[in-house]
Amino acid sequence: MWRFLVAVQLLPALEEGGQETLVGGQAVLEGVMMRSPHAWAIACRKPSGEITTHSEPLERLSEKRPWMAWPVIRGVITLGHAMTLGFRALKFSGNVALEQLQEGEPEETGKKKFEISGWVAAVNIIFSVGFFIFAYKFLPLLAATELKRVNPLFGEQIIFNVVDGLIRIALFLLFIWGVSRMGDIHRVFEYHGAEHKTVFAFENGDPLGIPAVQKYTTFHPRCGTSFLMTVMIISIVVYTLVPVTTFGARFAVRIALLPVIAGVSYEIIRFAAKHRGSLFALMTAPGLWLQRITTQPPADDQAECAIVALQHAMELEKQNGGELVIA
């Protein structure tokens, strides 16, 4: 269960977002989830070596509500949709792991096998949101405020928000580095690398085979890791532009402006993915550097999971009238 909890904390970093017209995915526990505009699929590897899969049609929200495709707004909608889907995939992989653990136990009449239920998932979400607000909003603001009391120089609007932002980034990097030392989470990062390699192969029109997939890098510009780093950098600028000085007002601003910052960051990532040599691409570079931790070279069997997930998603995509096809 602890692996599931940590993976929920990492969910934004493991999720690959970007343009709705492209394939994307997410690493889960011992597997990969892949999505296309109208379908998603997940493939998980059991300890026995068997791959178990699940796929479903996916509604593309902007096709029914055109305003959801407006700049900035589409970023918030896409992020929310991706996080919801990503959590469902993570829950599926967690239940596969729990089912495998219980297969060797003696069966008892009337006893149900344990699985991640709705209330367990809800508790994890509430805890994750609370942890995010406390670790990346409250603590950096509190630390910057205390520094202001030590030296009035830290009270200057620009300096205060730069310090606040640097502390936030430092806490995020410390968390990512810390969890990467855990063996189970390191394996999740390997599946993350497999997902990136498979997406690269698809985008370049290569056959979806293990040799073709493995030749690609694990660093992808539309990765959730890049998105989170971009959010943290953009937030420094945005918070500096808001003329509030009290602790309570600053904390409220950090919560209220989060959707706006997320939407703007989405547009920057989207633009940078298309224009690799632009100034905005340089802004996303720290996220690519951080992927040296959050993505690791996958084994062939891990790459196979990513390939199977994408193939199932694309088969369902074609059934739902999608134009994307497997190369």
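Fewest neighbouring Cβ atoms within 10 Å first, the residues 191, 239 line up as 239, 191.
Residue exposure proxy: 46, 64, 197, 215, ordered by other Cβ atoms within 10 angstrom of their Cβ from fewest to most, comes out as 64, 215, 46, 197. In sequence order, region 228-241 has phi-based couplings of 5, 5, 5, 4, 5, 6, 5, 4, 4, 5, 5, 5, 5, 7 Hz under the Karplus curve 6.51 cos²θ - 1.76 cosθ + 1.60, θ = phi - 60°, and Gly or Pro positions carry x.
Among the listed pairs 46/274; 215/274; 148/274, those with a Cα-Cα distance over 32 Å are 46/274; 148/274.
Residue 139 to residue 246: FRET efficiency via 1/(1 + (r/R0)^6), r the Cβ-Cβ distance, R0 22 Å, to the nearest 0.05?
On the way: r = 18 Å, r/R0 = 0.80.
Calculated value: 0.80.
As a footprinting exposure proxy, order 265, 93 by other Cβ within 10 Å, with the fewest listed first.
Details: 265 26, 93 30.
By the 10 Å Cβ count, ascending: 265, 93.
Packing, as the average of other Cβ atoms within 10 Å across residues, places the peptides 169-180, 300-311 in the order 300-311, 169-180, highest first. Among the trypsin sites (Lys or Arg not before Pro) found in region 23-63, not one is both in a DSSP coil and sparsely packed, with 13 or fewer other Cβ atoms within 10 Å of its Cβ. Once backbone amide H atoms are built at 1.01 Å from N, residue 28 has 33 as its partners under 5 Å, excluding neighbours fewer than 5 places away on the same chain. Please work out whether region 167-250 counts as rounded, prolate or oblate from its C-alpha gyration tensor, where a ≥ b ≥ c are the square roots of the eigenvalues and a/c under 1.5 means rounded, while otherwise a/b larger than b/c means prolate and anything else oblate? Oblate shape, in that a/c is at least 1.5 and b/c is the bigger or equal ratio. Here region 41-70 and region 213-276 have alpha carbon centers that stand 25 Å from each other.
The numbers here are math on the coordinates, done by the rules we state, and not lab data. Not measured: the values here are computed from a predicted model. In this analysis, Cβ positions are derived from the backbone assuming ideal geometry, glycine residues included, and neighbour counts consider all displayed protein chains.
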